[in-house]
Amino acid sequence: MIWVHLLIVLAAIFLGARYGSIAIGAAGGLGVILLGATGAPVSREDIPFDVIGIIMSVIAAIAAMQAAGGMDWLVALTDRLLRKKPKRITLLAPIVTYLLTLFAGTGHTAFAALPVITEVAKENDIRPSRPLSIAVVASQMAITASPISAAVVFMASVVEPLGVGYLTLLAIAIPSTFLATVATSFLANMLGKPLSSDPVYLERKEQGLIELRGAHEYEERPGAKRSVLIFLIAIIAVVTYAALISENLNIISDPTLPRTEAIMSIMLAAAMAITVLCRIDPSEILGMQTFRSGMSACVCVLGVAWLGTTFVSTHMEAITAFAGSALTAYPWLLAVVLFFAAALLYSQAATTKALMPTAIALGASPIAAIAAFPAVSALFVLPTYPTLLAAVEMDDTGSTRVGRAIFNHPFMIPGIVNIALAVGLGFLFGSLML
């Protein structure tokens, strides 16, 4: 029966990927029904309510900041930085999207930076696919290092019983993913033909399809900087509180507010503070692009993680017998498994929730689990992820294009190299700290 259930899981994932967006989560729900109909026990305990709650609360604060003009202010800073050093755009662009995601806990913040990256590259005769490819990958990688991302918070709950604290996890994840991103940017700068010799670009230019829009026009709203400051204070509060209740410091030994609940409540409070202090209409928050994308992500995590966890819990014994010894002997295999799972599950949080507890149960060491963690960011494999599609659509030079073979797109090589480097650095830093 395991093969029937595996076929149902794969069919549901492929169906969702075929339609994209919220359909991924909807297809996961269909898969859960079929698993239940074929004998798999379905439980609400397999639903990642904590992950969904974190995503919802963080997105509410991000959308409030966007409604107050905070995101536009950050984009204006990005525009100013990239135009000051245009020849280094392939290095600076991924650093910008990495830091935005690290700061916000969601890769959807990259949507705001992608148009700026595209325009600056075109104006300086730089192939846009180079900075765009690594910038999109960097925004996905940073999820596994963000103090407030659902994936990191859940990962911390998995490794803490093994003696690895939240702060130690961040101390390994942040430098390994950031250094890997910077190193990969130099590779990305060598990929693809120069823009001036790209036949697709030359043809589009001759047809008058290339448009240069110039510098980003920005008019600062009164509460823009204030909203960013409030959000930053909220992040500092989350990290500080997590440190105070951690076993490393043990300053608060019996907290009445656990870490997950603290993140959700602090982020919701930040959204309320932005609404009041920046004088925005709460209804505006619901119309923000980040809010729509975030709520779509919640549905995706709900359906896909529920589907994956139901399958794994049903066949835990068979999976343990098949994979337990292999993971113990070859710990790097966990990164390979997470890589392919993330390509199908379309969510770092969903992949972490579905597979990481199983990997630990199979005998994976804390070092192996943390080092392999960046592999859950392989959302670039199928060219249907929202930020990836946005990069393709925004580049009117045609350099950021998907080939006929589907997998031959400019995000693949930077993404694989970035993950490989991050995993290798994770093993290095992990061996030094654990």
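Laboratory data are not the source of any read-out in this text; all were calculated from the coordinates shown. Here the structure is a predicted model, which is why all the values come from computation and not from measurement. Here the Cβ positions follow ideal geometry from the backbone for every residue, glycine too, while neighbour counts run over all protein chains shown.
Okay, here's what the table says:
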{"quantity": "Kyte-Doolittle at least -1.0, axis length at least 30 Å by Cα - qualifying DSSP helices, the chain", "calculated": "166-188, 224-245, 289-314, 412-433"}
{"quantity": "Stretch gain in nm, segment Ile252-Leu389, where the contour uses 0.36 nm per residue and the Cα spacing is subtracted", "calculated": "44.8 nm"}
{"quantity": "Charge dipole of the chain about the Cα centre (unit charges at C-beta), most positive-ward option of Ile126, Ala76, Leu277", "calculated": "Ile126"}
{"quantity": "Expected-Rg normalisation [2.2 N^0.38 Å, Cα atoms] applied to the stretch 1-130", "calculated": "1.47"}
{"quantity": "For the chain: lysine pairs under 27 Å (alpha-carbon distance), excluding those fewer than 8 apart on one chain", "calculated": "14"}
{"quantity": "Alpha-carbon Rg with Dmax, taken over the chain, Å", "calculated": "21.4, 68"}
{"quantity": "Between the stretch 136-164 and the stretch 167-187, the alpha-carbon center distance in angstrom", "calculated": "13 Å"}
{"quantity": "Debye, to nearest 20: dipole size of the chain, +1 on Lys, Arg Cβ, -1 on Asp, Glu Cβ", "calculated": "760 debye"}
{"quantity": "Protection-proxy order for peptides 83-90, 346-353, each taking the mean of Cβ atoms within 10 Å per residue, highest first", "calculated": "346-353, 83-90"}
{"quantity": "Length released on extending from Arg44 to Val4, taking residue separation times 0.36 nm less the Cα-Cα span", "calculated": "12.2 nm"}
{"quantity": "Rounded Å value of the spacing that divides the Cα centres of the stretch 97-131 and the stretch 335-370", "calculated": "28 Å"}
{"quantity": "Span from the the stretch 1-50 Cα centroid across to the the stretch 250-282 one, whole angstrom", "calculated": "33 Å"}
{"quantity": "P(r) weight above 20 Å for the stretch 1-69, C-alpha pairs, percent", "calculated": "47 percent"}
{"quantity": "Computed label-point distance, nm, for sites Met316 and Val336 using a 7 Å Cα→Cβ extension", "calculated": "2.6 nm"}
{"quantity": "Interchain or long-range residues, amide H under 5 Å from His409's placed H", "calculated": "Gly403"}
{"quantity": "Peptides ranked, highest mean first, by Cβ atoms within 10 Å: ranges 355-365, 29-39", "calculated": "355-365, 29-39"}
{"quantity": "Residue-span extension gain [Ser431 to Leu232] - 0.36 nm each, minus C-alpha spacing", "calculated": "68.5 nm"}
{"quantity": "Relative contact order (percent, whole number), the stretch 47-433, Cα cutoff 8 Å, 6+ residue spacing", "calculated": "28 percent"}
